Structures are given as C-alpha cells and as structure tokens.
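Enquirer: Just dropping this structure here.
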Amino acid sequence: MAETIHCYRHPKRETRVSCATCGRPICTECMRQTAVGIKCPDDARLPRGARAGVMKPDQILKTLLAGAGISLVGIPVVSIILGLPFQLLISAAAGYGAGTLINRAGGRNGGLLAITVSVVATAIPFLVLLAPNALVGAFSTFDILAAVLAAVAAGLANRQL
Ligand SMILES: [Zn+2]
Ligand SMILES: [Zn+2]
C-alpha cells in the first residue's frame, strides 16, 4: 500500500505527485509542467537564474557591512593609487578586488544589491578624495576616469554567470 500524500496547498486532496524542486506534494490542479519536470506553483514561478540573486538577510547585512568597510579602507588606498603610475589599471584592479570581496560577503549571490553596494562602496573613496579638488575646478580627467573604471570593475565582479 502506497502512503497517501496530500497537496500542500489543498490538505484534503490526495495526490501521488510531488514537486521536482522542493518535494512537496501537489495535486493535479496545482502542479505545473516545466522543462525539468512537475513543480509546485512557487518553484515553477522562479527559474534557476532568478534565484541566484536572492540573498538571505544575513547575507544582505554582510554585503552592506563589507561595502561600508571597503569605503573606509578605500580612502587611504585610493589616495595612494592616485599618486601611482598606471593609476587607471590599478584602480580597475582594486575596484574588481573590492567587488569580489563584497560578492563573497553576500554568499556569492551577486545580483542588483551586490552590484549597487560594490559600485557605491568603490566610488565613495574617490568622491571623498576628489571632491575638494573638483570644488575648486582642479580635478583631473584621469582621476575621474580612474573612479569610473574602479566602480565599473566592482560591478563586473558581481555579474551573474
Ligand atoms: Zn516546489
Ligand atoms: Zn492543490
């Protein structure tokens, strides 16, 4: 005798089908045919790619903390980088490194939040350092370019593969 299971959305309905993703039993009315088998409506709605960017609350917190840390540490780091030769190259590499750290802090989910935090956290040190010069009209195009490259590289580090 097979064990009877009941649809998780309709506890009174017996079924023999269960979701390929979460394993919950589902009745014929609730089940959704997908390319990878029968799924419950919750999982059928979320394709694989859409789930990659979903962070747990602690991962969101760690992402924000990592962003704040990188903004702070970035100020002295960027002030050194801007005085070095190949500052554009180094800025991009540093931005990519910062973005990677933030990506790891968020459990490697990537996604919009990680990208936003990475770009902002990388841009802040540049803004802090370049703002006084910019206010007196003495900013260099190179410095601005370095900031943009670093921010873009930080965002790229969080792209979803
Ligand atoms: Zn499911
Ligand atoms: Zn049902």
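Enquirer: Regarding Leu84, is this residue of a type in the set (A, V, I, L, M), in the same structural domain as Val148 (by TED's automatic domain parsing) and more than 20 Å from the chain's Cα centre (by Cα)? Walk me through how you get there before you give the answer.
Expert: Numbers: of a type in the set (A, V, I, L, M): yes; in the same structural domain as Val148 (by TED's automatic domain parsing): yes; more than 20 Å from the chain's Cα centre (by Cα): yes.
Yes; evaluated as a whole, the condition is true for this residue.
Enquirer: Could you give me the residue pairs with C-beta distances under 6 Å whose first residue belongs to the stretch 32-55 and is modelled with pLDDT of 80 or more, whose second residue is more than 13 Å from ligand 1 (Cβ to nearest atom) wherever it lies, and which are 6+ apart or on separate chains?
Expert: Met55/Gly106; Met55/Asn109
Enquirer: Sticking with this one: Scan the stretch 121-147 residue by residue and report those that are surrounded by 18 or more Cβ atoms within 10 Å (Cβ to Cβ) and among the aliphatic types (A, V, I, L, M).
Expert: Filtering the stretch 121-147 for residues surrounded by 18 or more Cβ atoms within 10 Å (Cβ to Cβ) gives 121-126, 129-130, 143, 146-147.
Hits for the stretch 121-147 are Ala121, Ala123, Ile124, Leu129, Leu130, Ala146, Ala147.
Enquirer: Exactly one of these conditions fails for Val117: (1) in contact with a Ser or Thr (Cβ under 6 Å, 6 or more places away or on another chain); (2) farther than 28 Å from Leu130 by Cβ; (3) more than 14 Å from ligand 1 (Cβ to nearest atom). Give me its number.
Expert: Just one mismatch for Val117, condition (2).
The values are calculated or read from the model by the stated rules, or taken from the named source; none is laboratory data. Since the structure is predicted, the reported quantities are computational estimates derived from the model, not experimental observations. With ideal geometry, Cβ positions are generated from the backbone for all residues, glycine too; neighbour counts draw on all protein chains shown.
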